[in-house]
Every structure is written in C-alpha cells, then in structure tokens.
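> Please see the structure below; I have some questions.
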Amino acid sequence: MIYQWLYNRPARGAHVWAVLPLAAALLAAVAFAAAPPDQEFKPFAFILAGDPELGKPDVRNTADRFALLPQRAARIKAALVVIPGDMTHDDTDEEWDAIEGTLKQFSMPVKIVPGNHDKPKSFAKHVGEDHCVFTLNNCDFVCLNSNLGGSAAKTQRKWFEDALKASREHHRTHTFVVLHHPNVAKDEPLRGLVIRYGVKVVLAGHLHTTAEIAGKGYTIYVSPGTARFRDKGGLGYRVFKVYKDRIEQEFVPLEKEVAEAKLAP
Ligand SMILES: [Zn+2]
C-alpha cells in the first residue's frame, strides 16, 4: 500500500484546481519560480509489465517470473513500472503475500490499476487507490479502474475528463492512459474523451497477448505479462522511451536479458 501513498496524486486533485482558481494561480506562480522536478520534462524510460496473475496451477512459477521484473526494471534504469492489473488469479493470501514481497523489490514508482481478478477489498488492502493521476517529468499517467459499471463508471468518467482537462491545462508533454481492459475502442464515451483530449498512448493488459490496437489518433498497447500468454509472442513486457517529440517502445520477451535502455541525446 505504501507504493500508492508515496506516488499517488489523489483523484480529487483535479477538482481542487477547478474550484480554487486563486489558489491555483498562486501555486502556478510559485511553480514558475521553482518548477518541481515532476513538472520538468526530461527523457525517461518506463515498463508496461502486463498481468502478474499469480495463481493456479503454478503459484510458485508465476510468482518467480513476476519477481524477475524489479531487477529488469532496475537494469534498464526505468523511471516507472506500470502494472495493468490482475495481480492474482485466485485472490489467496499466498498469492498476495508473494505480490507484496515483489513490490517491495522495485526501486522506482510502480503504478497499478485493478483488473477483473482483483477483488476491490483485496486491491484496496494490498495496493491502494483504484484510480489516480501520477505525474512524472511533466507527463501524466491517468490510471483508471475499468471494472466499474453503472453510476460508478459514470462518476469515474467525469473524473477522467477532469484529469485530462487538467493535464492539458498544465501543458503536460505527454498524457498516458492506463487501464486493465483494452476496451477504449468499445467504450464510446471513453473513446470520445481519449480522442478529444489528444491522448496518443493507452496502456493495458488483460488479453495476455502482445497486441497493438490502433484507434483514431491513439494506440492501445497490450503487454502479455509474466503468467500466461495466448498468442505466439510469449511472455514479456514493453519498454517505452519517452522523448519530448516522440514515444518509442519495444516488446521484450521475458527470457531475454537486456542492457540499460539507452536514451537518445
Ligand atoms: Zn483480466
């Protein structure tokens, strides 16, 4: 849970900006004088991990494979690791204990959204907030809970729009959307917001495939993760390199050892 405490910006932040323009102007003036590190862009690399989904029939093996990630992320000097949900398969204490043990090994922020396998109570206990905005090097990661339906989904959509609006007002260099289900193309209101606010990169899991789903002006990148795969791509994750004018990414098979992610000057 400490990961979210340390690295989350609470969901209500967007509303504060909206209702307190004077305070916002004052803060902006202070920020101009000495911009906090998260508001200065510099190139960085991050990992889109995919579903850890620890569980039957091989809790130990899925746990061991997920446990490779902290080292991999450290080796490439990733500034962030994004895990798009389905932390466990069966929501057992054994699985969550292994998840928590591995999360402690990461030396950089880890952002996690809930998947369909993550029971809300367990997710809140072991991970924390189910949605948030995380800012890194003047880039926003808007993290959603894609399990919601009905009025909860509607409320979150309003929050999502406020977050995208705030991202634009803050002149973020890039805005990433993170969610478990790659359902942006099917969810018409969600898709409309992604297009309206010029989001180019959506990060997702759930499919256990190495998929790139192209939409109007955006691409949904899916990582297969470390538990199971359903295509010829095998297990693995994606490494993104974020530059001011572009975003590069590549799929890294889990069995492949990688050197430091070299960023272009
Ligand atoms: Zn799933």
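Where a number appears in this text, it was derived from the coordinates with a stated rule and is not lab data. None of the values given here were measured: they were computed from a predicted structure. Cβ sites come from the backbone with ideal geometry, for glycine too, and all protein chains shown count toward neighbours.
> Which is buried (at least 19 other Cβ atoms within 10 Å of the Cβ) and either assigned to a strand (DSSP E or B) or among the hydroxyl-bearing types (Ser, Thr, Tyr) (or both), of Ser107, Ser151, Ser146?
Step by step, each of Ser107, Ser151, Ser146 is checked, and only Ser146 is buried (at least 19 other Cβ atoms within 10 Å of the Cβ) and either assigned to a strand (DSSP E or B) or among the hydroxyl-bearing types (Ser, Thr, Tyr) (or both).
> Continuing with this model, one more query. Taking segment 225-240 as the region of interest, how many residues are in contact with a Phe, Trp or Tyr (Cβ under 8 Å, 6 or more places away or on another chain) and of a type outside the set (Ser, Thr, Tyr)?
Count: 8.
> Would you confirm whether or not segment 171-186 contains a residue that is without any contact (Cβ under 8 Å) to a residue 12 or more places away in the chain and among the aliphatic types (A, V, I, L, M)?
There is no residue in segment 171-186 that is without any contact (Cβ under 8 Å) to a residue 12 or more places away in the chain and among the aliphatic types (A, V, I, L, M).
> If you scan segment 50-88, which residues turn out to be surrounded by fewer than 24 Cβ atoms within 10 Å (Cβ to Cβ), within 16 Å of the ligand (Cβ to nearest atom) and either of a type in the set (Lys, Arg) or closer than 16 Å to Val127 by Cβ (or both)?
Lys56
> Any idea which of His206, His180, His171 is within 16 Å of the chain's Cα centre (by Cα), within 21 Å of Ala45 (Cα to Cα) and not hydroxyl-bearing (Ser, Thr, Tyr)?
From the options His206, His180, His171, the qualifying one is His180.
> Please enumerate the residues belonging to segment 154-195 that are buried (at least 16 other Cβ atoms within 10 Å of the Cβ), more than 16 Å from the ligand (Cβ to nearest atom) and of a type in the set (A, V, I, L, M).
Ala163, Leu164, Ala166, Val177, Ala185, Leu190, Leu193, Val194
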